[in-house]
Amino acid sequence: MAIEEQFLQYASSKPGIPVFLDKWLERYEQLEYLGGSIVLVDLSNDEKESIAALLQVTLPGGSEWKISFNKVKKALDKSNYEEMDFVKMLELHKGSPFYFKKQNKKQEKESYLSFLEDLLDMYENQPIYSFIEKVVSQPTSFINIFKLWKEDKDTLISLFNAINVLPVFQQKTQLLIEFLENHLKDPHFLDRLAYQNLFISILEHIFGFDEEDEIIKKDFLYYQAGLISNDVSNFVMICHLSAKMEDIHLAWQAMYDLYEPWIIQVYNIRQIKEIIVPKRVYILENPSTFRYLCLHGKQNNMEDCAFICTYGQLNLAAYLLLDILSKTSATIYYAGDFDPEGILIADKLLTRYPTISLWNYETDNYYQHLSSKMISEKRLKMLDKCINDQLLPICDALKQCKYATYQEALHQKYIQKLK
(Lines give C-alpha, C1' and ligand atoms only; values in the text may rest on other atoms or scores of the structure.)
Protein backbone atom coordinates (compact mmCIF):
# COMPACT_ATOMS: atom_id res chain seq x y z
CA MET A 1 0.00 0.00 0.00
CA ALA A 2 1.31 3.45 -0.92
CA ILE A 3 2.30 5.70 1.94
CA GLU A 4 -0.43 8.21 1.00
CA GLU A 5 -3.06 5.47 1.32
CA GLN A 6 -1.58 4.42 4.64
CA PHE A 7 -1.89 7.98 5.92
CA LEU A 8 -5.52 8.25 4.83
CA GLN A 9 -6.30 4.92 6.48
CA TYR A 10 -4.77 6.30 9.67
CA ALA A 11 -6.62 9.64 9.27
CA SER A 12 -10.01 7.94 8.86
CA SER A 13 -9.61 6.27 12.21
CA LYS A 14 -8.89 9.50 14.10
CA PRO A 15 -11.55 12.09 14.97
CA GLY A 16 -10.84 15.57 13.55
CA ILE A 17 -8.22 14.48 10.97
CA PRO A 18 -10.73 14.22 8.05
CA VAL A 19 -11.94 17.77 8.86
CA PHE A 20 -8.31 18.86 9.03
CA LEU A 21 -7.68 17.38 5.58
CA ASP A 22 -10.88 18.96 4.16
CA LYS A 23 -9.57 22.38 5.21
CA TRP A 24 -6.19 21.79 3.55
CA LEU A 25 -7.92 20.53 0.43
CA GLU A 26 -9.97 23.72 0.27
CA ARG A 27 -6.89 25.88 0.91
CA TYR A 28 -4.82 24.16 -1.77
CA GLU A 29 -7.54 24.67 -4.36
CA GLN A 30 -7.72 28.35 -3.44
CA LEU A 31 -3.97 28.99 -3.58
CA GLU A 32 -3.07 26.39 -6.22
CA TYR A 33 0.06 25.62 -4.17
CA LEU A 34 0.86 24.23 -0.71
CA GLY A 35 1.11 27.04 1.80
CA GLY A 36 -0.79 29.52 3.91
CA SER A 37 -2.85 28.57 6.94
CA ILE A 38 -6.17 27.03 7.86
CA VAL A 39 -8.49 27.87 10.76
CA LEU A 40 -10.33 25.12 12.61
CA VAL A 41 -13.35 26.18 14.66
CA ASP A 42 -15.38 24.54 17.45
CA LEU A 43 -13.51 21.23 17.52
CA SER A 44 -14.33 18.68 20.19
CA ASN A 45 -11.61 17.74 22.67
CA ASP A 46 -11.16 14.36 20.93
CA GLU A 47 -10.71 16.09 17.56
CA LYS A 48 -8.19 18.52 19.04
CA GLU A 49 -6.24 15.69 20.66
CA SER A 50 -5.98 13.74 17.37
CA ILE A 51 -4.74 16.78 15.40
CA ALA A 52 -2.35 17.81 18.20
CA ALA A 53 -0.89 14.29 18.24
CA LEU A 54 -0.37 14.41 14.45
CA LEU A 55 1.33 17.80 14.65
CA GLN A 56 3.23 16.95 17.82
CA VAL A 57 2.03 20.13 19.57
CA THR A 58 0.19 20.88 22.81
CA LEU A 59 -3.52 21.54 22.71
CA PRO A 60 -4.43 25.22 22.17
CA GLY A 61 -7.04 27.08 24.17
CA GLY A 62 -10.09 28.84 22.73
CA SER A 63 -12.58 27.89 20.03
CA GLU A 64 -10.32 28.70 17.03
CA TRP A 65 -7.09 27.03 16.03
CA LYS A 66 -4.93 28.53 13.26
CA ILE A 67 -2.47 26.09 11.69
CA SER A 68 0.16 27.01 9.10
CA PHE A 69 1.36 24.57 6.48
CA ASN A 70 4.91 25.06 7.72
CA LYS A 71 3.87 23.49 11.04
CA VAL A 72 2.24 20.59 9.23
CA LYS A 73 5.32 20.00 7.07
CA LYS A 74 7.71 20.09 10.07
CA ALA A 75 5.54 17.60 11.93
CA LEU A 76 5.29 15.19 8.99
CA ASP A 77 9.04 15.40 8.35
CA LYS A 78 9.59 14.06 11.87
CA SER A 79 7.01 11.28 11.49
CA ASN A 80 6.70 7.99 9.62
CA TYR A 81 5.08 9.97 6.76
CA GLU A 82 8.18 11.98 5.87
CA GLU A 83 8.20 10.61 2.28
CA MET A 84 4.51 11.24 1.70
CA ASP A 85 3.43 13.38 -1.27
CA PHE A 86 0.96 15.72 0.43
CA VAL A 87 -0.72 16.77 -2.84
CA LYS A 88 -1.16 13.18 -4.00
CA MET A 89 -2.62 12.36 -0.59
CA LEU A 90 -5.11 15.27 -0.93
CA GLU A 91 -6.10 14.03 -4.41
CA LEU A 92 -6.83 10.58 -2.96
CA HIS A 93 -8.79 12.22 -0.15
CA LYS A 94 -10.74 14.28 -2.70
CA GLY A 95 -11.32 11.28 -4.97
CA SER A 96 -10.35 13.09 -8.21
CA PRO A 97 -7.35 14.93 -9.70
CA PHE A 98 -6.86 18.66 -9.19
CA TYR A 99 -7.62 20.87 -12.18
CA PHE A 100 -6.66 24.47 -11.51
CA LYS A 101 -7.53 27.69 -13.30
CA LYS A 102 -3.88 28.30 -14.12
CA GLN A 103 -3.65 24.90 -15.74
CA ASN A 104 -6.88 25.60 -17.57
CA LYS A 105 -5.60 28.98 -18.75
CA LYS A 106 -2.37 27.42 -19.98
CA GLN A 107 -4.21 24.78 -21.96
CA GLU A 108 -6.64 27.41 -23.24
CA LYS A 109 -3.77 29.60 -24.41
CA GLU A 110 -2.11 26.68 -26.16
CA SER A 111 -5.39 25.83 -27.88
CA TYR A 112 -5.83 29.46 -28.99
CA LEU A 113 -2.30 29.70 -30.42
CA SER A 114 -2.87 26.41 -32.22
CA PHE A 115 -6.09 27.89 -33.66
CA LEU A 116 -4.14 30.90 -34.98
CA GLU A 117 -1.47 28.67 -36.50
CA ASP A 118 -4.20 26.70 -38.26
CA LEU A 119 -5.57 29.97 -39.63
CA LEU A 120 -2.16 30.80 -41.10
CA ASP A 121 -2.27 27.53 -43.02
CA MET A 122 -5.90 28.11 -44.00
CA TYR A 123 -5.40 31.68 -45.23
CA GLU A 124 -2.01 31.50 -46.91
CA ASN A 125 -1.82 34.00 -49.81
CA GLN A 126 -5.18 35.54 -48.83
CA PRO A 127 -5.77 39.16 -47.71
CA ILE A 128 -6.39 38.28 -44.04
CA TYR A 129 -3.09 36.37 -43.75
CA SER A 130 -0.84 39.28 -42.75
CA PHE A 131 -3.26 40.34 -40.03
CA ILE A 132 -3.37 36.82 -38.54
CA GLU A 133 0.42 36.76 -38.75
CA LYS A 134 0.51 39.99 -36.73
CA VAL A 135 -1.83 38.52 -34.12
CA VAL A 136 0.37 35.41 -33.80
CA SER A 137 3.47 37.56 -33.27
CA GLN A 138 1.73 39.90 -30.79
CA PRO A 139 -1.00 37.84 -29.08
CA THR A 140 -1.17 40.04 -25.98
CA SER A 141 -1.97 43.07 -28.18
CA PHE A 142 -5.16 41.42 -29.45
CA ILE A 143 -6.91 40.25 -26.29
CA ASN A 144 -10.26 41.08 -27.89
CA ILE A 145 -9.71 38.36 -30.51
CA PHE A 146 -8.90 35.84 -27.77
CA LYS A 147 -12.15 36.73 -25.99
CA LEU A 148 -14.17 36.41 -29.20
CA TRP A 149 -12.49 33.06 -29.91
CA LYS A 150 -13.50 31.77 -26.47
CA GLU A 151 -17.03 32.94 -27.07
CA ASP A 152 -17.61 31.74 -30.66
CA LYS A 153 -14.68 30.77 -32.86
CA ASP A 154 -16.93 29.86 -35.80
CA THR A 155 -18.23 33.44 -36.02
CA LEU A 156 -14.65 34.69 -35.85
CA ILE A 157 -13.70 32.46 -38.78
CA SER A 158 -16.72 33.74 -40.71
CA LEU A 159 -15.51 37.29 -40.19
CA PHE A 160 -12.02 36.42 -41.42
CA ASN A 161 -13.54 34.68 -44.45
CA ALA A 162 -15.57 37.80 -45.20
CA ILE A 163 -12.44 39.96 -45.18
CA ASN A 164 -10.98 37.84 -47.96
CA VAL A 165 -13.89 38.70 -50.27
CA LEU A 166 -14.20 42.43 -49.65
CA PRO A 167 -15.72 44.15 -52.71
CA VAL A 168 -12.58 46.18 -53.39
CA PHE A 169 -10.68 42.98 -54.20
CA GLN A 170 -13.07 42.52 -57.14
CA GLN A 171 -12.91 46.23 -58.04
CA LYS A 172 -16.51 46.63 -56.87
CA THR A 173 -18.48 48.52 -54.26
CA GLN A 174 -21.35 47.21 -52.16
CA LEU A 175 -23.62 48.44 -49.39
CA LEU A 176 -22.20 47.38 -46.04
CA ILE A 177 -25.48 45.87 -44.84
CA GLU A 178 -25.71 43.72 -47.99
CA PHE A 179 -22.14 42.53 -47.51
CA LEU A 180 -22.81 41.59 -43.89
CA GLU A 181 -26.03 39.78 -44.79
CA ASN A 182 -24.34 37.82 -47.60
CA HIS A 183 -21.23 36.78 -45.70
CA LEU A 184 -22.16 36.86 -42.02
CA LYS A 185 -25.92 36.29 -42.26
CA ASP A 186 -26.57 39.35 -40.14
CA PRO A 187 -26.87 42.92 -41.49
CA HIS A 188 -26.43 44.17 -37.90
CA PHE A 189 -23.31 42.11 -37.24
CA LEU A 190 -21.19 45.21 -36.61
CA ASP A 191 -23.66 46.67 -34.12
CA ARG A 192 -21.74 44.76 -31.51
CA LEU A 193 -18.79 46.98 -30.63
CA ALA A 194 -16.29 44.13 -30.15
CA TYR A 195 -16.79 42.90 -33.72
CA GLN A 196 -16.91 46.42 -35.13
CA ASN A 197 -13.59 47.32 -33.47
CA LEU A 198 -11.98 44.13 -34.78
CA PHE A 199 -13.33 44.76 -38.28
CA ILE A 200 -11.95 48.32 -38.26
CA SER A 201 -8.57 47.10 -36.94
CA ILE A 202 -8.31 44.59 -39.79
CA LEU A 203 -9.24 47.19 -42.42
CA GLU A 204 -6.72 49.64 -40.97
CA HIS A 205 -4.03 46.95 -41.11
CA ILE A 206 -4.81 46.09 -44.74
CA PHE A 207 -5.47 49.55 -46.16
CA GLY A 208 -3.76 51.92 -43.71
CA PHE A 209 -5.11 55.15 -42.28
CA ASP A 210 -2.80 58.16 -42.06
CA GLU A 211 -5.23 60.66 -40.58
CA GLU A 212 -5.48 61.37 -36.85
CA ASP A 213 -9.16 62.22 -37.26
CA GLU A 214 -11.06 59.36 -35.60
CA ILE A 215 -14.36 60.94 -36.66
CA ILE A 216 -13.96 59.92 -40.31
CA LYS A 217 -11.87 56.80 -39.73
CA LYS A 218 -14.65 54.23 -39.90
CA ASP A 219 -16.39 55.59 -43.00
CA PHE A 220 -13.06 56.15 -44.75
CA LEU A 221 -11.84 52.59 -44.13
CA TYR A 222 -15.18 51.15 -45.21
CA TYR A 223 -14.91 53.14 -48.43
CA GLN A 224 -11.37 51.86 -49.07
CA ALA A 225 -12.69 48.32 -48.66
CA GLY A 226 -15.42 48.98 -51.23
CA LEU A 227 -18.12 49.10 -48.56
CA ILE A 228 -20.65 51.91 -48.43
CA SER A 229 -22.09 52.39 -44.97
CA ASN A 230 -23.32 55.95 -45.02
CA ASP A 231 -23.57 57.32 -48.52
CA VAL A 232 -26.71 59.45 -48.15
CA SER A 233 -26.29 61.14 -44.76
CA ASN A 234 -22.57 61.81 -45.29
CA PHE A 235 -22.54 65.04 -47.30
CA VAL A 236 -20.85 68.30 -48.18
CA MET A 237 -22.37 71.53 -49.57
CA ILE A 238 -21.21 72.99 -52.89
CA CYS A 239 -22.05 75.85 -55.21
CA HIS A 240 -21.15 76.38 -58.89
CA LEU A 241 -19.56 73.00 -59.62
CA SER A 242 -20.71 70.78 -62.46
CA ALA A 243 -19.89 67.16 -63.26
CA LYS A 244 -19.92 64.44 -65.88
CA MET A 245 -20.91 60.82 -65.93
CA GLU A 246 -20.52 59.77 -69.56
CA ASP A 247 -22.01 63.13 -70.49
CA ILE A 248 -22.80 66.25 -68.50
CA HIS A 249 -24.78 65.35 -65.37
CA LEU A 250 -28.06 67.20 -65.75
CA ALA A 251 -28.69 67.72 -62.01
CA TRP A 252 -25.20 69.04 -61.32
CA GLN A 253 -25.36 71.27 -64.40
CA ALA A 254 -28.79 72.65 -63.47
CA MET A 255 -27.57 73.71 -60.02
CA TYR A 256 -24.42 75.12 -61.61
CA ASP A 257 -26.47 77.23 -64.02
CA LEU A 258 -28.73 78.44 -61.20
CA TYR A 259 -25.65 79.28 -59.09
CA GLU A 260 -27.45 77.73 -56.13
CA PRO A 261 -25.87 75.99 -53.14
CA TRP A 262 -26.87 72.37 -52.70
CA ILE A 263 -25.96 69.29 -50.71
CA ILE A 264 -24.13 66.43 -52.40
CA GLN A 265 -23.79 63.09 -50.70
CA VAL A 266 -21.18 60.36 -51.00
CA TYR A 267 -23.74 58.64 -53.20
CA ASN A 268 -23.72 61.59 -55.65
CA ILE A 269 -19.94 61.76 -55.76
CA ARG A 270 -19.66 58.05 -56.49
CA GLN A 271 -21.91 58.41 -59.55
CA ILE A 272 -19.70 60.84 -61.44
CA LYS A 273 -16.48 60.42 -63.38
CA GLU A 274 -15.31 64.03 -63.57
CA ILE A 275 -15.97 67.35 -61.87
CA ILE A 276 -16.02 70.48 -64.00
CA VAL A 277 -14.53 73.35 -62.04
CA PRO A 278 -14.08 77.09 -62.58
CA LYS A 279 -10.64 78.64 -62.13
CA ARG A 280 -11.02 79.23 -58.39
CA VAL A 281 -12.56 77.07 -55.67
CA TYR A 282 -13.04 78.40 -52.14
CA ILE A 283 -13.42 75.96 -49.24
CA LEU A 284 -15.16 77.51 -46.25
CA GLU A 285 -15.68 76.14 -42.77
CA ASN A 286 -18.73 78.18 -41.83
CA PRO A 287 -22.12 77.66 -43.58
CA SER A 288 -23.28 81.26 -43.13
CA THR A 289 -20.07 82.54 -44.74
CA PHE A 290 -20.50 80.00 -47.52
CA ARG A 291 -24.06 81.19 -48.17
CA TYR A 292 -22.99 84.86 -48.10
CA LEU A 293 -20.25 84.33 -50.70
CA CYS A 294 -22.45 82.11 -52.90
CA LEU A 295 -25.06 84.89 -53.05
CA HIS A 296 -22.40 87.46 -53.84
CA GLY A 297 -21.00 85.25 -56.59
CA LYS A 298 -24.44 84.77 -58.13
CA GLN A 299 -25.42 88.44 -57.96
CA ASN A 300 -22.14 89.48 -59.58
CA ASN A 301 -22.00 86.73 -62.21
CA MET A 302 -18.65 85.46 -60.91
CA GLU A 303 -18.34 82.57 -63.37
CA ASP A 304 -14.76 81.74 -62.44
CA CYS A 305 -15.58 80.92 -58.77
CA ALA A 306 -16.97 77.89 -56.95
CA PHE A 307 -17.59 77.37 -53.25
CA ILE A 308 -17.53 74.40 -50.88
CA CYS A 309 -18.67 74.26 -47.24
CA THR A 310 -17.28 71.56 -44.95
CA TYR A 311 -19.55 72.38 -41.98
CA GLY A 312 -16.52 72.33 -39.73
CA GLN A 313 -14.78 68.97 -39.46
CA LEU A 314 -14.00 67.20 -42.72
CA ASN A 315 -16.01 64.08 -43.44
CA LEU A 316 -15.76 61.34 -46.07
CA ALA A 317 -17.83 63.29 -48.61
CA ALA A 318 -15.51 66.30 -48.29
CA TYR A 319 -12.41 64.17 -48.69
CA LEU A 320 -13.77 62.32 -51.73
CA LEU A 321 -14.71 65.61 -53.38
CA LEU A 322 -11.35 67.21 -52.63
CA ASP A 323 -9.49 64.12 -53.82
CA ILE A 324 -11.07 64.73 -57.23
CA LEU A 325 -10.66 68.53 -57.19
CA SER A 326 -7.00 68.34 -56.20
CA LYS A 327 -6.28 66.62 -59.52
CA THR A 328 -7.84 69.43 -61.57
CA SER A 329 -6.30 72.69 -62.76
CA ALA A 330 -8.37 74.82 -60.37
CA THR A 331 -6.70 76.98 -57.73
CA ILE A 332 -8.12 75.89 -54.37
CA TYR A 333 -8.25 78.09 -51.27
CA TYR A 334 -9.27 77.44 -47.68
CA ALA A 335 -10.62 79.91 -45.15
CA GLY A 336 -11.74 79.01 -41.64
CA ASP A 337 -12.19 80.36 -38.15
CA PHE A 338 -9.21 81.59 -36.17
CA ASP A 339 -9.68 79.10 -33.37
CA PRO A 340 -8.00 75.74 -32.58
CA GLU A 341 -10.60 73.71 -34.44
CA GLY A 342 -10.43 75.86 -37.59
CA ILE A 343 -6.64 75.84 -37.61
CA LEU A 344 -6.47 72.06 -37.26
CA ILE A 345 -8.90 71.67 -40.18
CA ALA A 346 -6.58 73.88 -42.23
CA ASP A 347 -3.62 71.81 -41.03
CA LYS A 348 -5.25 68.57 -42.20
CA LEU A 349 -6.06 70.07 -45.59
CA LEU A 350 -2.55 71.42 -46.17
CA THR A 351 -1.06 68.09 -45.14
CA ARG A 352 -3.27 66.00 -47.43
CA TYR A 353 -3.47 68.51 -50.30
CA PRO A 354 -0.24 70.56 -50.49
CA THR A 355 -1.55 72.55 -53.48
CA ILE A 356 -4.32 74.16 -51.39
CA SER A 357 -3.62 77.78 -50.43
CA LEU A 358 -4.73 79.56 -47.26
CA TRP A 359 -7.10 82.44 -47.91
CA ASN A 360 -7.17 85.50 -45.63
CA TYR A 361 -5.48 83.41 -42.96
CA GLU A 362 -3.05 86.08 -41.73
CA THR A 363 -2.36 87.31 -38.23
CA ASP A 364 -3.45 90.85 -39.23
CA ASN A 365 -6.96 89.59 -39.96
CA TYR A 366 -6.92 87.72 -36.69
CA TYR A 367 -6.02 90.74 -34.57
CA GLN A 368 -8.31 93.16 -36.42
CA HIS A 369 -11.49 91.11 -35.84
CA LEU A 370 -11.12 89.60 -32.38
CA SER A 371 -14.31 88.31 -30.79
CA SER A 372 -15.17 88.36 -27.10
CA LYS A 373 -14.94 84.56 -27.07
CA MET A 374 -12.01 83.50 -24.91
CA ILE A 375 -10.36 80.17 -25.74
CA SER A 376 -9.78 77.77 -22.85
CA GLU A 377 -6.31 76.45 -22.08
CA LYS A 378 -7.51 72.96 -22.92
CA ARG A 379 -8.51 74.05 -26.43
CA LEU A 380 -5.32 76.08 -26.90
CA LYS A 381 -3.38 72.91 -26.11
CA MET A 382 -4.88 71.43 -29.30
CA LEU A 383 -2.70 73.80 -31.32
CA ASP A 384 0.36 71.73 -30.39
CA LYS A 385 -0.84 69.20 -32.97
CA CYS A 386 -0.46 71.71 -35.83
CA ILE A 387 2.51 70.77 -38.06
CA ASN A 388 2.33 73.16 -41.05
CA ASP A 389 4.74 76.10 -40.88
CA GLN A 390 2.25 78.41 -42.61
CA LEU A 391 -0.09 78.13 -39.64
CA LEU A 392 2.41 78.41 -36.80
CA PRO A 393 2.31 82.26 -36.63
CA ILE A 394 -1.46 82.09 -36.12
CA CYS A 395 -1.02 79.38 -33.49
CA ASP A 396 1.41 81.61 -31.62
CA ALA A 397 -0.96 84.56 -31.87
CA LEU A 398 -3.86 82.54 -30.45
CA LYS A 399 -1.78 81.19 -27.59
CA GLN A 400 -0.69 84.72 -26.70
CA CYS A 401 -4.02 86.51 -27.17
CA LYS A 402 -6.38 83.66 -26.19
CA TYR A 403 -9.37 85.02 -28.13
CA ALA A 404 -11.01 83.64 -31.30
CA THR A 405 -11.79 85.40 -34.57
CA TYR A 406 -14.67 83.99 -36.59
CA GLN A 407 -15.31 83.95 -40.31
CA GLU A 408 -18.49 86.00 -40.05
CA ALA A 409 -16.38 89.02 -39.04
CA LEU A 410 -14.38 88.79 -42.29
CA HIS A 411 -17.22 88.78 -44.80
CA GLN A 412 -16.31 92.16 -46.29
CA LYS A 413 -12.65 91.18 -46.42
CA TYR A 414 -13.60 88.05 -48.35
CA ILE A 415 -15.70 90.07 -50.82
CA GLN A 416 -12.79 92.42 -51.49
CA LYS A 417 -10.45 89.51 -52.11
CA LEU A 418 -12.94 87.76 -54.41
CA LYS A 419 -12.91 90.78 -56.68
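The values are calculated or read from the model by the stated rules, or taken from the named source; none is laboratory data. Since the structure is predicted, the reported quantities are computational estimates derived from the model, not experimental observations. Heads up, the Cβs are rebuilt from the backbone with ideal geometry, glycines too, and the neighbour counts pull from every protein chain shown. Keep in mind that these areas ignore ligands, DNA and RNA; they rest on the heavy atoms of the full protein, side chains included. Shrake-Rupley method; radii C 1.70, N 1.55, O 1.52, S 1.80 Å.
A few points about this structure:
- Between Glu83 and Ile200, residue separation times 0.36 nm minus the direct Cα-Cα distance comes to 36.2 nm.
- Using the Cβ-Cβ distance between Asn164 and Arg352 with R0 = 30 Å, the FRET efficiency computed as 1/(1 + (r/R0)^6) comes to roughly 0.50.
- Once both labels are positioned 7 Å from their Cα atoms along Cα-to-Cβ, the gap between Ser68 and Ala254 label points is 9.1 nm.
- When you filter the GluC sites (Glu not before Pro) in region 39-112 for DSSP loop state and at most 13 other Cβ atoms inside 10 Å of their Cβ, you are left with Glu82, Glu83.
- Option label - percent of Cα pairs over 29 Å apart computed here, alternatives (i) 65; (ii) 40; (iii) 46: (i)
- Distance between the pseudo-spin-label points of Ala52 and Arg379 (7 Å out from Cα toward the beta carbon): 8.0 nm.
- Out-of-range pairs (alpha-carbon distance over 29 Å; input Lys106/Lys217; Lys327/Lys378; Lys327/Lys348; Lys147/Lys378): Lys106/Lys217; Lys327/Lys378; Lys147/Lys378
- Convex hull volume of the C-alpha atoms in region 238-383, normalised per residue: 117 Å³.
- With all protein chains in place and ligands, DNA and RNA left out, the 1.4 Å accessible area ranks Val168, Val236 as Val168, Val236, largest first.
- For Thr328, the solvent-accessible surface with a 1.4 Å probe is about 40 Å², rounded to the nearest 10.
- GluC sites (Glu not before Pro) restricted to DSSP loop in region 198-247 with at most 13 other C-beta within 10 Å: Glu212, Glu246
- Two-site FRET efficiency, Leu120 against Ser13, from Cβ-Cβ distance with R₀ of 45 Å, rounded to 0.05: 0.15
- Other residues with beta-carbon under 13 Å from the beta-carbon of Ser242 carry, at +1 per Lys or Arg and -1 per Asp or Glu, a net charge of -3.
- The radius of gyration of the Cα set in region 10-115, together with its Dmax, comes out at 16.5, 58 angstrom.
- Trypsin sites (Lys or Arg not before Pro) restricted to DSSP loop in region 235-306 with at most 15 other C-beta within 10 Å: Lys273, Lys279
- Contour minus Cα-Cα distance for Asn301 and Ser326 (0.36 nm per residue): 6.6 nm
- Its relative contact order, with pairs defined as Cα atoms under 8 Å and 6+ residues apart, puts region 365-419 at 54 percent.
- Contact order normalised by residue count of region 273-411, Cα under 8 Å, 6+ apart, percent: 27
- Compared with the dominant principal axis of the Cα atoms in the chain, helix 392-401 is inclined by about 80°.
- Against the criterion of solvent-accessible heavy-atom surface with a 1.4 angstrom probe, Met302, Met89, Met122, Met255 sort, most first, into Met122, Met255, Met302, Met89.
- HN-Hα J in Hz across region 223-233 - Karplus 6.51, -1.76, 1.60, θ = phi - 60°, x for Gly and Pro: 4, 4, 7, x, 10, 10, 9, 8, 8, 10, 9
- Summing +1 for each Lys or Arg and -1 for each Asp or Glu among the other residues whose beta-carbon sits under 13 angstrom from that of Gln253 gives -3.
- With every protein chain in place, the chain: carbon and sulfur % of accessible area (1.4 Å): 49
- The chain: angle of helix 45-55 to the longest principal axis, Cα-based, in degrees nearest 10: 80
- Lone cysteines, the chain (no partner Cβ under 4.7 Å): Cys305, Cys309, Cys386, Cys395, Cys401
- Net charge of Cβ neighbours under 14 Å - reference Thr328; Lys, Arg +1; Asp, Glu -1: +2
- Relative contact order (%) - criterion: Cα under 8 Å, at least six apart; region: the chain: 9
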